[in-house]
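All of the numbers you see were taken from the coordinates with simple rules; none came from a lab. Not measured: the values here are computed from a predicted model. Positions of Cβ are generated from backbone atoms using ideal geometry, with glycine treated the same way; all protein chains shown enter the neighbour counts.
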Amino acid sequence: QRSRMVSHENGTFTASVHVPDRIGIFKFVVEYIRSGTSHIQVAEVVSVRPFDHDEFERFIVQAYPYYASALSMIIGVLVFGVVLLYGQPKAAEKAKTT
């Protein structure tokens with residue numbers, strides 16, 4: 001996709017380019033041809049790859065419901081274990097055993 005370069009007052013040119021949503025090696029080429037001046041030809045090869053497992057954010061905002069459900073399950077198991085281990089038997093069950 002071609003894009004136009006924007007001139008700034010200090011003599012620099014910039015262009016915003018969106019990288020394709022594919023993994024691979026891409027070549028970005030700048031060919032600035034203007035009559036009466038020298039030609040500018042610049043090419044840069046860029047590799048696009050997915051993030052490594054350690055390059056992602058630590059806590060992803062979209063995963064907060066998952067974090068909440070995991071935390072609620074842990075709390076539920078702990079409460080169930082405490083009630084099961086330390087809970088008192090009912091009075092009817094006490095009467096049957098004596």
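What the table shows:
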quantity: Positive-pole candidate from Ile60, Ala15, Gly81, dipole of the chain, charges at beta carbon; calculated: Gly81
quantity: In degrees, nearest ten, helix 64-86 long axis to first principal axis of the chain (Cα); calculated: 20 degrees
quantity: Translational diffusion coefficient (Stokes-Einstein; Kirkwood radius from C-alpha pairs) of the chain at 37 °C, 0.692 mPa s, in µm²/s; calculated: 155 µm²/s
quantity: Charge dipole (debye, nearest 20) of the chain; +1 at Cβ of Lys and Arg, -1 at Cβ of Asp and Glu; calculated: 440 debye
quantity: Under Karplus coefficients 6.51, -1.76 and 1.60, residue-wise ³J(HN,Hα) of segment 3-18 in Hz, glycine/proline x; calculated: 9, 8, 8, 9, 8, 10, 5, 8, x, 9, 10, 9, 8, 8, 10, 8
quantity: Percent RCO, i.e. relative contact order, over segment 19-98, from Cα pairs under 8 Å lying at least 6 residues apart; calculated: 21 percent
